[in-house]
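> I am attaching a structure below and will ask some questions about it afterwards.
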Amino acid sequence: MAEQNQYPQLTGAEILWATLVGEGITTVFGYPGGAILPIYDALRKFPIHHVLVRHEQGASHMADGYARASGQVGVCMATSGPGATNLVTGIATAMLDSIPIVCITGQVSSKVLGSDAFQEVDITGITLPITKHNFLVTRAEDIAATVRKAFQVARSGRPGPVLVDITKDAQQAMAAFSFEAAEPAPARPHPMLKTETNAFTDAIELIRAAKRPVILAGHGIVESGAREQVIAFAEKLQVPVASTLLGLGAFPTYHPLSLGMMGMHGESWVNESIQQSDLLLAFGMRFDDRVTGNLALYAPNAKKIHIDIDPSEVNKNVKVNVALIGDLKKVLDALLPMLGDSPVAEDTWDRANEKSYGEPPTEWLREIDAMKGTASVRDIINLPDNGHLYAAHVINDIWREALDAGRLAQTVIVTDVGQHQMWEAQYYKHDAPRSLITSGGLGTMGFALPAAIGAKAACPEKDVWVIAGDGGFQMTASELSTIVQEGYAINIAVINNGFLGMVRQWQEAFYDKNYSASPILSPDFVMLAAAHGIDGATVSKRKDVTPTVTKARTSGKAFLINFQVEKEDGVYPMIAPGAALHEMVRRPTKDPLLETAEDE
Amino acid sequence: MLHTFVALVSDKPGVLTRVASLFRRLNINIVSLTVGESERADVSRMTIVCEAPEHAAHRIKASLYKLEITVNVDEVGRSEAVIRELCLIKVEAGPSHPLGQNSRSQIFELANVFRARVVDLAPESIMLEMTGAASKIEGLIQVITESGYNILEVSRTGRMAMRRGQHTSRVMKALGGPNGANDDAKLTSAEILPNEFDDVHEEEE
C-alpha cells in the first residue's frame, strides 16, 4: 500500500480514460446509458473525442473501420444490457476478420451481479465465443491493468476484438493510478518456428521444384506489414499473386504479377491458375470456403506451403505439405535469403515507369496471360454502352475518377455485403493496403456506413467512399445523422437495384427464380439524405456517373449518390456451391461463337 | 478416436467455461474433464479427454493454446503417459442382503483382486475406492454387477494424465520452474524416475 500512495487517487472512470489516453487513443465511438454514466461523466477531463452513434452496432463497426483504416486499435463503448448486446454483431464482424478493437461496456454494480438487475446481461458470457478474450472488472484498482492487457491481447499475434465489462461501482470507486505500473506482463511465448527446423528446408525444396507456383495473398500481409517482403518474394521467383477479398491492396494491382481476386467471384484466369498450379504459397490467408470451392477438387496437383501466425489454421480446411508458423514478415525475412539466386529469367518489369515490356519471363506466366485474353472479351467494361447503367460501370468509374484526379492513394472504399461488394472487388483496382474496408468473414450487411465513419475518423485527410446496396444501406442508415453531427465529408454511393441482389441472384440460379422476399422497397435516398442535411443526386445514365462522382468528392461535405442500376444483373464469374474452383459460370456473352467456344 | 490433452490454465473464474465453450464451438464431445491445482501458483491443470477424428488433434491443441487463459497444452498418448482415474463405488451389502454376511466378504474379495480399497462400511452398503485405468474400473463394476450385487452409486473423476520421464515443452522452459526460477538444471532424471506407483498400477492396454 505504501508504494501505491505515491500515485494519484482517481475514480475508476477517470482511470479508464487515463489508460485509454496512455494507449494513444484519441477517438472513441459510443452511446451512454445508466451503467456507464460515471465513465461519460469523467469524459470531459480527457483529450479524447467521443463520437455519438445512433445504434451501438454502429459503434462496434466504427471501431472496426477505424482499426482497418489506421492499423491502430479501435475503441467503442456502450452501456449494460441492450447497449452491450447491440455491440455483438460488430464484435463478431471484427472477430471473423481478425480486427483489433477494444469494447468497453458498463455493467450493473458488483453487489447486484447475477440478480437480473435492470439492464443486466451477462455480456462476457454472450461474447465469449466472438471475442479473442474478454474481462469482467469489479474493482477500480483492476481497471488500468485490465484495459492495458486488453490492448495487448487485441494487438498481439493474430489480432481480434477484446471486451472489458466494468461494473458501475468499480467506475465510481477510488484507486491509485499509474499507467506505467499497470503494464501487462509480456504476451505469452508465441509459436514461431525456428529457421533450423526442417520446415524451412522442406519449403525451399518445394519452391525450387515448382514450375507453376501461385502466391495466395491474404489479410495477414496487411496485418503483418509484409508487403515489401511479398513483393520481393514474388519478383525474385516471378510468382503470380492471387488475392483473397481481404488481401486486395496487400499486393499492388498495378504490378504485372498481380492476378486479382480468387474465389467464388474471382476472375477465371485467377481460379484457373490456382487449379493448374503445382505449388500454392498461402501467405496470411485461411483457405475460407469462399476461396476454395469444393475442397476435394481444390488445386489437385499443387503442393501447399502455408505461412500463418495462427497454428490452428494449419490443415483446417486444406491439408498442406509445409506449415511455417509465425509472423509473416518475420518468416519471409528468414525465408528470402535462403532462396538463393533467382532461377528464372530476368523479369520485364520497368519499376520506374510501372510498366512491363515484352513477354512475361516464364512459360507459366505466358500461359496465364493467354487465359486473361479469353476473359476480357466477355467483360461488361469492354462492351459498348447500351443505354443501361450497370453497377460494374459505376464502380469502375469511381475508381477511374479517383485515379484521374490523382487521389487513388488517398481514397478508402468501404463496402457493404452483397453483389456490389463483389463488383467493387472486381472493378476497383486496389493498389494500397487498407484502401478497401469490407466485412469478409462474417459478411455483415449494414457494415459500410458505420465502418466508413470509423475510417474517416481515423483518416480525415482521405476521401472515404461508402459503397452499399439498397438493402444493406437501410440496415444502418440512421448513422447518416452521426455523419452530420460530426461534420464528416463522407461520400456515399448506393447501388440501387430494388432487390437484395445477391439473394436474388442465388434464387435465380438455384431456386427457379422464386424471388422470395428479395424485392425491396426503399425510400427516396436523396430525400432521406436531404432530411439529414446531406446533399445528394440520383444517377441512372453512364454519362452522368463521373461528373457526379467528381461533384461528390470535391464538395467538401457528405454527399449521397443514388445509382439506379440494372435490376436483374448478376455477379460473374461465379462458382456454384459444391463446384470446383475452375468449374465457374463465366460471364454471359451475346456472341454465340464465344458461347460455344468457351462454355464447353 | 479418443484424444487426451493436458492443459495448464490460469486459475480464474470462468476459465472452465472458456475451455468447455471451445469444444462446443468445434462440435466435439468431451468424454471427461478433470480440473485441479498444479505445481504452479495460480495455474490449474486440466486433463481433457475427447472423441474426435485423428486429424483433429492438432487443431484442438492449437485452438486450446489460442485461449488467452491457457499457459500450455500437451497432447499425451497412452504409451508415453500415465493415465489414471479415481472411482468411488457404493454397493448394497450387509446382513439384510440375500447373501447375508457373506455379501460383505465377497465384496471384500472382489475389491482385493482389483486392488480397490474399502473406504466406508455401513449396515446396508460398502463404499469402494479404486484408482486405475478406465478399463480396470469398468472391469470391477462389471464383476460386481455380474455377481448379483446392486450398485447404488458410482462417481468417477474422469481421466488424469501425466507424461512419463522428464518432459518440458518450449513454452514451459520459457516460463521457468514452478517457483519462478529456471531450475531445469536442478532436476535430474533420477529424481523423477522410477515411478513409485508402477507396481501398484497396471498399464492400460
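> Residues that are in the same structural domain as residue B:12 (by the TED database): which helices (runs of 4 or more DSSP H) entirely in segment B:39-153 hold 1 or more of them?
Qualifying helices (runs of 4 or more DSSP H): B:56-66.
> A further question on this structure: Which pairs have Cβ atoms under 9 Å, sit 6 or more apart or on different chains, and link a residue in segment A:535-551 that is at positive phi to one that is surrounded by fewer than 17 Cβ atoms within 10 Å (Cβ to Cβ) and assigned to a strand (DSSP E or B)?
none
> What is the one condition in (1) under 21 Å from the mean Cα position of the chain (by Cα); (2) modelled with pLDDT under 95 that residue A:262 does not satisfy?
(2)
> Of everything in segment B:2-48 that's polar (S, T, N, Q) and away from chain A (no Cβ under 14 Å), which residue is surrounded by the fewest Cβ atoms within 10 Å (Cβ to Cβ)?
Result: B:29.
> Would you tally the residues in segment B:1-60 being within 22 Å of residue A:312 (Cα to Cα) and of a type in the set (S, T, N, Q)?
Selection size over segment B:1-60: 7.
> To continue, here is another question. I need the full set of residues from segment A:261-274 which are outside any loop (DSSP other than H, G, I, E, B) and open to solvent by 20 Å² or more (accessible area, probe 1.4 Å), in order please.
Within segment A:261-274, A:269, A:272 qualify.
> So residue A:286 ticks every box in (1) over 24 Å from the mean Cα position of the chain (by Cα); (2) within 14 Å of another protein chain (Cβ to nearest Cβ); (3) assigned to a loop (DSSP other than H, G, I, E, B) but one. Which box is left unticked?
The number of the failed condition is (1).
> Looking for something assigned to a loop (DSSP other than H, G, I, E, B), in the same structural domain as residue A:395 (by TED's automatic domain parsing) and at positive phi - is there at least one such residue anywhere in segment A:569-580?
no
> So, in segment A:298-316, of the ones that are crowded, with 23+ Cβ neighbours inside 10 Å, in contact with a helix residue (DSSP H, G or I) (Cβ under 7 Å, 6 or more places away or on another chain) and within 23 Å of residue A:272 (Cα to Cα), which residue ends up nearest to the other protein chains (Cβ to nearest Cβ)?
A:307
> For segment A:138-150, give me the residue count where each residue is crowded, with 24+ Cβ neighbours inside 10 Å and within 13 Å of another protein chain (Cβ to nearest Cβ).
Total meeting the criteria: 1.
> Here's another thing I want to ask about it. So the check is Cβ under 9 Å with 6+ separation or different chains; which pairs have a first residue in segment A:239-254 that's without any contact (Cβ under 8 Å) to a residue 60 or more places away in the chain and a second one that's part of a strand (DSSP E or B) and hydroxyl-bearing (Ser, Thr, Tyr)?
A:241/A:258; A:242/A:258; A:243/A:258; A:251/A:243; A:251/A:258
The values are calculated or read from the model by the stated rules, or taken from the named source; none is laboratory data. What you see is a predicted model; the values in this text were computed from it and never measured. Neighbour counts run over all protein chains shown; Cβ positions are idealised from the backbone, glycine included. Ligands, DNA and RNA are excluded from the accessible area calculation, which covers all protein heavy atoms including side chains. Shrake-Rupley method; radii C 1.70, N 1.55, O 1.52, S 1.80 Å.
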